[in-house]
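The block underneath contains the structure these notes are about, expressed in structure tokens.
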Amino acid sequence: MLHVSSIPFLTFNRKEWASFRDDINGILSQKEIMNLRDINNNISINEVIEIYLPLSRLLNLYIHSNMRRQNILKQFLNSHEQRIPYVIGIAGSVSAGKSTTARVLQTLLSRWPEHRAVELVTTDGFLYSNKILKKRNLMKKKGFPQSYDIVSLVNFISKIKSGEVRSMTIPVYSHVKYDIIPNVQQIIHKPDILILEGLNVLQTNYDYNYNLPCVFVSDFVDFSIYVDAPEHLLQEWYINRFLKFCCTTFSYPDSYFYRYTQLSKKKIISIASKSWAKINGLNLQKNILPTRERANLILKKGINHTVDNVQLRK
């Protein structure tokens, strides 16, 4: 493996990063900030103000620059083609908080004066169905590269970046059923911004076990974010989330995990711990963590999902 001695990142502590929000507090009301907190109880109001407002400002600047470059190309080609969506990729481990980061950024980026349309897609929708995974003996490898229909994912993101498709439909994954939902699709109308969130956003085709064209999902991503945390915290958050789901989402009889809700807390913790050790932790070390330095920005979390510092690629 090639080892790079110097990674080109600028590192900012929380106070330094918060100073970059400039004068943009007014894009969200106090009530809207409170509603963002309701997305996930692990995120605080201060986290939105000090971490995500500056990040949304940076992204808005990048998007402005991208739009200017598109206009230059149109002028050069004497073309009137429609704008190409700006794609933001969000990667990281299971339980790192990728979904929360994605939803907060979706809300913030849609609140800027330009009122851009922001769509959110998770790569879970491109997992193979349980039927296929069982046939291939991959149920215990769900989330690993080989469990994804990577060809369909690359085709989707390439069509988005072509700017030629007004709307597309993609499969929908249910965490309750732990499977792709048959005959249900998410409709993606041509957005100004697409946020693509998933474990595999920064992975290359070399992580997959079959021959593919040398085109990666990340080739179509304009700006990528990796949500990072020490593994012991990720494991703790995973177990706590599993316990919480056993009291809420998993308690529905049609849930894939319903059988676990009848067990004692001690037994549930034991099952979640084994799942982390044999599946999620292994996937993190082998397939997800090695992609971290490919990101444009890394959010480094500590206890309580609080971002301690931000690393920005130069």
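The table below lists the values:
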{"read-out": "Total residues in segment 225-262, condition surrounded by fewer than 18 Cβ atoms within 10 Å (Cβ to Cβ) and of a type in the set (Val, Ile, Thr)", "value": "3"}
{"read-out": "Residue ID - nearest to Ile180 (Cα to Cα), chosen from residues in segment 78-93 that are in contact with a helix residue (DSSP H, G or I) (Cβ under 8 Å, 6 or more places away or on another chain) and assigned to a loop (DSSP other than H, G, I, E, B)", "value": "Ser93"}
{"read-out": "Hits in segment 48-80 (condition: free of Cβ contacts under 8 Å to residues at least 12 places away in the same chain and either within 30 Å of Arg14 (Cβ to Cβ) or open to solvent by less than 10 Å² (accessible area, probe 1.4 Å) (or both))", "value": "Leu61, His64, Ser65"}
{"read-out": "Single residue of Asn287, Asn309, Asn283, Asn304 found to be under 25 Å from Ile63 (Cβ atoms) and touching a residue at least 60 places away in the same chain (Cβ under 8 Å)", "value": "Asn309"}
{"read-out": "Candidates Asp254, Asp222 - the one that is in contact (Cβ under 8 Å) with a residue 24 or more places away in the chain and either closer than 21 Å to Phe9 by Cβ or β-branched (Val, Ile, Thr) (or both)", "value": "Asp222"}
{"read-out": "Test result for Val176, of a type outside the set (Gly, Ala, Ser), touching a helix residue (DSSP H, G or I) at 6+ places or on another chain (Cβ under 8 Å) and either part of a strand (DSSP E or B) or farther than 26 Å from Ile298 by Cβ (or both)", "value": "yes"}
{"read-out": "Residues of segment 288-310 satisfying the condition of being part of a helix (DSSP H, G or I) and surrounded by 20 or more Cβ atoms within 10 Å (Cβ to Cβ)", "value": "Ile288, Thr291, His305"}
{"read-out": "Residues within segment 179-194 that are open to solvent by 50 Å² or more (accessible area, probe 1.4 Å) and either closer than 30 Å to Lys140 by Cβ or not in a strand (DSSP E or B) (or both), tallied", "value": "7"}
{"read-out": "Matching residues, segment 107-137, being within 27 Å of Pro182 (Cβ to Cβ) and buried (at least 17 other Cβ atoms within 10 Å of the Cβ)", "value": "Glu119, Leu120, Val121, Thr122, Thr123, Asp124, Gly125, Phe126, Leu127, Tyr128, Leu133"}
{"read-out": "So Lys134, is it farther than 29 Å from His64 by Cβ, modelled with pLDDT under 95 and of a type in the set (Lys, Arg)", "value": "no"}
{"read-out": "Residue match in segment 94-114 (condition: among the aliphatic types (A, V, I, L, M) and not in a helix (DSSP H, G or I))", "value": "yes"}
{"read-out": "Given (1) touching a His at 6+ places or on another chain (Cβ under 9 Å); (2) in contact (Cβ under 8 Å) with a residue 12 or more places away in the chain; (3) surrounded by fewer than 16 Cβ atoms within 10 Å (Cβ to Cβ); (4) not hydroxyl-bearing (Ser, Thr, Tyr), index of the condition Arg83 fails", "value": "(1)"}
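Okay, residues lined up against (1) modelled with pLDDT of 90 or more; (2) within 30 Å of Ser162 (Cβ to Cβ):
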position: Met1; (1), (2): no, no
position: Ile7; (1), (2): no, no
position: Ser44; (1), (2): no, no
position: Phe76; (1), (2): yes, yes
position: Ala91; (1), (2): yes, yes
position: Ala96; (1), (2): yes, no
position: Arg111; (1), (2): no, yes
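The values are calculated or read from the model by the stated rules, or taken from the named source; none is laboratory data. Just so you know, these numbers come straight off a predicted model, no measurement behind them. All Cβ positions, glycine included, derive from the backbone under ideal geometry; neighbour counts span all protein chains shown. All accessible areas refer to the heavy atoms of the entire protein, side chains included, with ligands and DNA or RNA removed. Shrake-Rupley method; radii C 1.70, N 1.55, O 1.52, S 1.80 Å.
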